[in-house]
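Take a look at the structure set out below.
Throughout, read-outs are computed from the coordinates displayed, never taken from laboratory work. Since the model is a prediction, treat every value here as computed from it, not as a measurement. We place every Cβ from the backbone using ideal geometry, glycine too, and count neighbours over all the protein chains shown.
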Amino acid sequence: MSIIQVENLEYVYGAGLPGATRALHDVSFSIEEGDFVGIIGPTGCGKSTLITHFNGLHRPSSGRILVDGQDMWADPKAIRRFRFMVGLVFQYPEYQLFEETVYKDIAYGPTNMGLDADEVRRRVLMAADFCGVAESWLEKSPFELSGGQKRRVAIAGVIAMQPRVLVLDEPAAGLDPEGREMILSQVKAYHRESGSSVVLVSHSMEDIAKYADKVLVLQEGTVAMYDTTENVFARAQELMDMGLSVPQVTQIFLQLRSMGIDISTDVYTIPYAVKTICRALEERGLSGC
């Protein structure tokens, strides 16, 4: 069942004004319950504009966004409830922190949902645990924490609302490799354990290849590809023609193919690369795996 369905979405910045810019054009696709979807595309292709439609921060110029089968904008006065269903984590989410304590920051969303104090506390502790926020941090000011710790607190604040869809715009931007791995592995664990849908926007093809089950490719405000991760990265040359990179391991296999080695190039993760090499060796009657 589709949790988000996008139908013929158009969005124009400054509609009706001189210099109006069309950011999205005839965008249609659906996200199923439990999907982990990566969104990639060249800078300026409309990725951030698209995801801000998912929880009503932008209203379509034309077309529809359906969440759990309901048109978000059928009744504009009811848009608030969709914002609890679709949680959006902006790039550099630590800039969203503003409360006196970490606890209050994580509790802000659930409190605004009208939940009682016991349920708010349960959700705060659950979200903190998912995001690696130590209980000893909860009574600290969020501004005493490191950049990576602040980011975990900000993501916990969205997870505490228990959204049906968690949408993240470059959540690991600017972090060192260890911090990046920690944030994204926690997001994947949340996806696996909660059954919620996750949408991840990233410029890192390695991150998308590692975590996403499906990939949406935007180009000039429209959908260029939408398929399983394997099938999208199998079209590596098309991605590179768009000005996108592909995972380094994919580039290696493309280079092997260009050298005349008959080997599959639909490789996008290290474990898959190992299996592909072992299979190729077995087909040639060789061992080594």
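Annotations for the structure displayed:
- Relative contact order of the chain, defined on C-alpha pairs under 8 angstrom at six or more residues apart (%): 21 percent
- Here the relative contact order of segment 1-69, from alpha carbon pairs under 8 Å that lie six or more residues apart, stands at 47 percent.
- Per DSSP, loop GluC sites (Glu not before Pro) in segment 101-174 with at most 11 further Cβ within 10 Å: E139
- Each Lys or Arg adds one and each Asp or Glu subtracts one; over the other residues with Cβ under 15 Å from the Cβ of A107, this totals -4.
- Expressed in Å, the radius of gyration and Dmax of the Cα atoms of segment 43-114 are 14.3, 41.
- For the chain, C45, C131 stand unpaired, since no other cysteine beta carbon lies under 4.7 Å from theirs.
- Volume per residue that the Cα convex hull of the chain spans, once the total is divided by residue count, Å³: 156 Å³
- Between segment 81-157 and segment 1-46, the Cα center-to-center distance that results, in Å: 28 Å
- Residue-count net charge about S61 - beta-carbon cut-off 11 Å; Lys, Arg +1, Asp, Glu -1: +1
- Here the Karplus relation 6.51 cos²θ - 1.76 cosθ + 1.60, evaluated at θ = phi - 60°, turns the backbone of segment 73-89 into coupling constants of 9, 4, 9, x, 5, 9, 4, 4, 5, 6, 6, 7, 7, 10, x, 10, 9 Hz, with x for every Gly and Pro.
- Counting charges near T52 (Lys, Arg +1; Asp, Glu -1) among other residues having Cβ under 12 Å from its Cβ returns a value of +2.
- Axis of helix 270-283 versus longest Cα principal axis of the chain: the two differ by about 20°, to the nearest ten degrees.
- Computed lengthening from Q255 to D176, 0.36 nm per intervening residue step minus Cα-Cα distance: 25.6 nm
- Measure of compaction for segment 87-143 (Cα Rg per 2.2 N^0.38 Å): 1.08
- In order along segment 63-68, the Karplus-derived 3J(HN,Hα) couplings, from 6.51 cos²θ - 1.76 cosθ + 1.60 at θ = phi - 60°, round to x, 9, 10, 10, 10, 6 Hz, and Gly and Pro are given as x.
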